[in-house]
Every structure is written in structure tokens, then in C-alpha cells.
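Inspection log for the structure reproduced underneath, given as C-alpha cells.
The values are calculated or read from the model by the stated rules, or taken from the named source; none is laboratory data. Remember, predicted model here, so these are calculated numbers, not experimental data. Counting neighbours? That spans all protein chains shown, and the Cβs are built from the backbone with ideal geometry, glycine included. Surface accessibility is based on the protein's heavy atoms, side chains included, excluding ligands, DNA and RNA. Shrake-Rupley method; radii C 1.70, N 1.55, O 1.52, S 1.80 Å.
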Amino acid sequence: MKIDGSNATRIASTHTDMQRKPVGIERVSGHICPQTGYWQLLGSAVSPVVNVKKGTILPFYQGQPVGWRLKEYDLSAGIDD
């Protein structure tokens, strides 16, 4: 009996999902952004949210270094971001 693998079903890999940084991680202005997504300003009465691309520098707020928290992924970005 010959086994034909042409009918085998492949399970979609979640490898790219495992490379994503978790929502809720925190970084400081001036550091390289580890994950494309929407980052929210920490510890302020005003909580601006900015879309930052992986590999760019997290922005300063009003000329000052601040803390940022990843609020959600940017799903329109590439899967490697």
C-alpha cells in the first residue's frame, strides 16, 4: 500500500504570532520600538496614542522623555512588524 501525502492538510503556523511582543509592554522615549502598534502615553492626565513602526525611535512628548505602553497591534502592518 502506497501512502500519498498530497491530501495531507497543513496546519497554519503561528510562528509570526509568537514573535510579537505582548500587548502591555512598556518602553521609554528614545529607545527603539520593538513592536509596530499603537502606543499610549503613561502617567499623564492626557493619554495620547501614537502609531509607531517597529525599528523606529519611540517619540518624546512635549520635548520630554516619557513612558509608553503598547496598547494594541497595528493589524494593517506587515506580519513581521
#### Entry: For the stretch 52-67, Karplus couplings with θ = phi - 60° (6.51, -1.76, 1.60), whole Hz, Gly/Pro x
10, 8, 3, x, 8, 7, 5, x, 8, 10, 6, x, 10, x, 9, x
### Task
Compute the distance in nm between two label points, each set 7 Å from the Cα along the Cα-to-Cβ direction, one at Val50 and one at His31.
1.5 nm
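Net charge within 15 Å of Pro59 by Cβ-Cβ distance, Lys/Arg positive one each and Asp/Glu negative one each, not counting Pro59 itself?
Numbers: positive: Arg27, Lys53, Lys54, Arg69, Lys71; negative: Glu26.
Once all neighbours under 15 Å are counted, the net charge is +4.
For the stretch 35-81, rounded, prolate or oblate, judged on the Cα gyration tensor with a ≥ b ≥ c (square roots of eigenvalues), a/c < 1.5 rounded, else prolate if a/b > b/c?
Values: a/c = 3.04, a/b = 1.81, b/c = 1.68.
Judged from the Cα gyration tensor, the stretch 35-81 comes out prolate (a/c at least 1.5, a/b above b/c).
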### Query
Using 0.36 nm per residue, how much length does the chain from Lys21 to Gln62 gain when fully extended, once their Cα-Cα distance is taken away?
12.1 nm
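So for Ser44, Ser76, what's the accessible-area order with a 1.4 Å probe, most first? Before the final figure, lay out each step's value.
Working: Ser44 50, Ser76 105 Å².
So the residues, ranked largest to smallest area, are Ser76, Ser44.
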